[in-house]
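Below is one structure; the comments refer to it alone.
The values are calculated or read from the model by the stated rules, or taken from the named source; none is laboratory data. Computed from a predicted structure; not experimentally measured. FYI the Cβ positions are ideal-geometry reconstructions off the backbone, even for glycines, and counts take in every protein chain you see. Just so you know, the surface numbers come from the protein's heavy atoms only, side chains and all, with ligands and any DNA or RNA stripped out. Shrake-Rupley method; radii C 1.70, N 1.55, O 1.52, S 1.80 Å.
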Amino acid sequence: MGFSQFVERAALLLLLVHLSFTDLCLCARKLNSLYQPPPLSLTYHNGALLEGDLPVSVLWYGEFSPAQKSVVSDFLLSLNPQKEQKPSVSQWWNTIQIYMKKAGMKETRVVLSKQISDENCSIGKILKKPRISELAARVNSKPGGLTLVLTAKDVAVEGFCMSSCGFHGSDTKLKSAFIWVGNSVTQCPGQCAWPFHQPIYGPQTAPLGTPNGDVGLDGMIVNIASLLAGTVTNPFGNGYFLGSAGAPPLEAASACPGVYGKGAYPGYAGELLVDSVSGASYNAHGASGRKYLLPAVFDPSTSQCSTVV
């Protein structure tokens with residue numbers, strides 16, 4: 001065989017190999033596009049939910065400015081129907097009312113109760129998880145109600161950043177619940193303030209503009225909203241959830257991680273509204289002209305993650 005014939009045959013062989021791999025890739029893409037994951041279903045376990053008028057108290061642990069406090073207060077006030085533009089925070093909250101209706105319970109109406117500041121961090125700036133429930137009990141020692149324990153950017157809480165950005169718990173004797181969320185801006189904004197900060201892992205897309213001009217607080221709103229949805233629909237561990245014993249359950253909002261608008265995928269929050277002046281991204285209007293970015297909530301009537309945009 002001459003050298004030219006050898007080159008021709010080698011080239012032909014390489015072409016055949018390339019075509020074979022192309023077929024394999026095309027086949028894999030087809031299979032992936034045809035695959036549809038089974039629909040989720042958050043099962044109701046017949047437990048008590050936080051129905052009717054729900055008094056919500058706030059404990060500000062550490063230093064928060066008046067402007068930061070107003071961002072959270074206005075969000076809580078926005079959960080009830082307002083005259084603000086659509087899409088609105090109250091529209092987002094309407095998905096939670098579907099859970100209440102399916103369980104044969106009253107709609108949940110959030111009532112902003114007392115706010116207490118502990119600027120000097122009376123029990124220190126390094127907290128174990130059980131101390132959070134102690135702080136909540138200081139604020140709300142009566143039966144019923146919900147307490148938000150919000151810790152400042154220089155307060156370290158056990159598990160913060162490593163395993164969670166917040167959590168909720170309860171006192172079954174008092175039939176009350178609490179939520180803890182920390183300001184992650186100096187500790188782990190890539191984990192707990194995304195999409196307002198570049199993520200630690202995954203696609204390094206540019207962060208979104210914050211609707212209230214504060215990466216830490218706007219990140220907290222995302223986590224407060226997510227945990228509020230989970231707390232109201234699963235306050236004592238026997239409400240709506242999907243999961244098995246020993247594993248963290250999927251709840252109303254945690255079942256839809258990283259989804260804020262239509263077309264969302266890992267690393268992309270979805271199609272959002274953008275403020276023409278500030279360039280901030282948001283998906284809901286709130287009280288006092290506020291804008292917020294809120295997570296998707298699992299809609300039990302459609303078995304889909306529901307967004308307001």
Original post:
What residue, of T307, T231, is within 16 Å of F167 (Cα to Cα), of a type in the set (S, T, Y) and at pLDDT 95 or above?
Top reply: T231
Subject >> Scope region 277-302; condition open to solvent by 40 Å² or more (accessible area, probe 1.4 Å), touching a Ser or Thr at 6+ places or on another chain (Cβ under 8 Å) and closer than 20 Å to L42 by Cα; matching residues >> reply: none
Subject >> Residues of region 135-156 satisfying the condition of being surrounded by 13 or more Cβ atoms within 10 Å (Cβ to Cβ) and free of Cβ contacts under 8 Å to residues at least 60 places away in the same chain >> reply: A137, A156
Original post:
Can you tell me how many residues in region 207-239 are part of a loop (DSSP other than H, G, I, E, B), more than 21 Å from T307 (Cβ to Cβ) and open to solvent by 30 Å² or more (accessible area, probe 1.4 Å)?
Top reply: 5
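Here is a check on your reading of the model: is Q187 at pLDDT below 95 and not in a helix (DSSP H, G or I)?
Values: at pLDDT below 95: no; not in a helix (DSSP H, G or I): yes.
Criteria not met by Q187.
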Original post:
If you scan region 71-99, which residues turn out to be small (G, A, S) and without any contact (Cβ under 8 Å) to a residue 24 or more places away in the chain?
Top reply: S90
**OP:** Quickly run through region 41-59 and pick out the residues that are over 22 Å from N80 (Cβ atoms) and surrounded by fewer than 21 Cβ atoms within 10 Å (Cβ to Cβ).
**Re:** S41, T43, Y44, H45, N46, G47
**OP:** Check region 259-272 and report whether any residue there is surrounded by 15 or more Cβ atoms within 10 Å (Cβ to Cβ) and closer than 27 Å to A177 by Cβ.
**Re:** yes
**OP:** Examine region 62-70 for a residue that is at pLDDT 95 or above, open to solvent by less than 20 Å² (accessible area, probe 1.4 Å) and within 23 Å of S176 (Cα to Cα), and state whether such a residue exists.
**Re:** no
Original post:
What is the one condition in (1) of a type in the set (A, V, I, L, M); (2) crowded, with 19+ Cβ neighbours inside 10 Å; (3) assigned to a loop (DSSP other than H, G, I, E, B) that L174 does not satisfy?
Top reply: (2)
